[in-house]
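Q: Following this message is one structure expressed as structure tokens.
The values are calculated or read from the model by the stated rules, or taken from the named source; none is laboratory data. Computed from a prediction, not measured in an experiment: that's the story for all the values here. Methodologically, a virtual Cβ is constructed for each residue, glycine included, from the backbone with ideal geometry; neighbour enumeration extends over all protein chains shown.
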Amino acid sequence: GAVVSQHPSRVICKSGTSVKIECRSLDFQATTMFWYRQFPKQSLMLMATSNEGSKATYEQGVEKDKFLINHASLTLSTLTVTSAHPEDSSFYICSARDPLADSYEQYFGPGTRLTVT
Amino acid sequence: AQSVTQLDSHVSVSEGTPVLLRCNYSSSYSPSLFWYVQHPNKGLQLLLKYTSAATLVKGINGFEAEFKKSETSFHLTKPSAHMSDAAEYFCVVSDWGYGNKLVFGAGTILRVKS
């Protein structure tokens with residue numbers, strides 16, 4: 001099956017710094033990738049949809065200047081949390097859609113746990 | 001708008017007994033429905049999916065789910081629980097009318113007692 005990786009798996013940063021999270025589709029080209037956030041003991045909430053070569057589409061309530069998304073190639077999307085604060089601590093999960101497969105299915109990465117101190 | 005309601009936040013069963021995780025959905029169009037499983041500190045794994053074909057869907061690890069349009073339900077079942085089934089399960093709806101975005105239910109934590 002299709003594989004999506006994320007790096008790093010865990011990151012701890014100080015308040016006010018920026019953190020970049022990478023999401024890669026390893027064996028397929030993903031024209032569309034998605035970024036989700038999962039708070040402890042809660043469900044996944046879609047943050048934004050990332051399309052290769054164009055600007056990301058953010059969900060209502062998500063600050064696009066704080067969560068910068070870049071999808072520069074068909075296999076890589078990055079999420080940069082700028083000027084991170086403790087309330088940004090969360091589990092961030094990306095997913096990717098294979099345009100050659102079922103149009104509804106998304107393949108999920110293993111997630112990145114961000115802790116801001 | 002589309003939405004998903006998982007009727008139980010926690011389900012506890014004994015090993016070897018049946019599992020039932022309940023899910024109701026709301027969608028204005030023709031939805032696709034999924035069940036994902038998430039083990040602690042792990043990513044999401046697709047168990048099964050319904051995309052307008054057979055209403056009874058068989059997935060991995062002995063799980064299956066039945067799409068019932070009249071009841072707007074997509075309950076997940078397994079005849080006999082195994083200890084390794086202990087995890088969190090998410091029911092998810094997607095619809096072309098909403099850009100194929102996935103909308104997740106709140107999740108059901110399954111506990112399996114020995």
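Q: Mind checking which residues of region B:38-58 are buried (at least 19 other Cβ atoms within 10 Å of the Cβ), of a type in the set (A, V, I, L, M) and either out of contact with any Asp or Glu (no Cβ under 8 Å at 6 or more places or on another chain) or modelled with pLDDT under 90 (or both)?
A: B:44, B:47 - these are the residues of region B:38-58 that are buried (at least 19 other Cβ atoms within 10 Å of the Cβ), of a type in the set (A, V, I, L, M) and either out of contact with any Asp or Glu (no Cβ under 8 Å at 6 or more places or on another chain) or modelled with pLDDT under 90 (or both).
Q: Does region A:54-91 hold any residues that are more than 23 Å from residue A:117 (Cα to Cα) and either within 14 Å of another protein chain (Cβ to nearest Cβ) or among the charged types (D, E, K, R) (or both), and which are they?
A: Selection gives A:55, A:56, A:57, A:58, A:59, A:60.
Q: Only one of (1) at negative phi; (2) within 15 Å of the chain's Cα centre (by Cα) is not met by residue B:107, so which one is it?
A: Result: residue B:107 fails condition (1) only.
Q: Collect the residues in region A:12-53 that are of a type in the set (S, T, N, Q), closer than 18 Å to residue A:91 by Cα and either without any contact (Cβ under 8 Å) to a residue 24 or more places away in the chain or surrounded by fewer than 15 Cβ atoms within 10 Å (Cβ to Cβ) (or both), keeping them in residue-number order.
A: A:15, A:17, A:18, A:42, A:43, A:49, listed by residue number.
Q: Further question: Could you tell me which residue of region A:92-117 is nearest to the other protein chains (Cβ to nearest Cβ), considering only residues that are within 12 Å of residue A:11 (Cβ to Cβ) and under 10 Å from the mean Cα position of the chain (by Cα)?
A: A:111
Q: Which residues, counting only those in region B:87-114, are of a type in the set (D, E, K, R) and either at the interface with another protein chain (Cβ under 9 Å from one of its Cβ atoms) or under 21 Å from residue A:46 (Cα atoms) (or both)?
A: Result: B:88, B:95, B:101.
Q: Can you spot a residue in region B:76-86 that is closer than 30 Å to residue A:58 by Cβ, surrounded by fewer than 22 Cβ atoms within 10 Å (Cβ to Cβ) and away from chain A (no Cβ under 14 Å)?
A: no
Q: On the phi > 0 side of the Ramachandran plot and not basic (Lys, Arg): does that describe residue A:61?
A: Taking the combined requirement at face value, the residue satisfies it.
Q: Can you work out which of the residues in region B:36-51 that are closer than 12 Å to residue B:67 by Cα and more than 8 Å from chain A (Cβ to nearest Cβ) is farthest from the chain's Cα centre (by Cα)?
A: B:50
Q: Quickly run through region A:1-53 and pick out the residues that are at the interface with another protein chain (Cβ under 9 Å from one of its Cβ atoms) and closer than 13 Å to residue A:78 by Cβ.
A: A:6
Q: Of the conditions (1) in contact (Cβ under 8 Å) with a residue 60 or more places away in the chain; (2) under 18 Å from residue A:5 (Cβ atoms), residue A:99 satisfies every one except a single condition; which number is it?
A: Looking at each condition in turn, residue A:99 falls short on (2).
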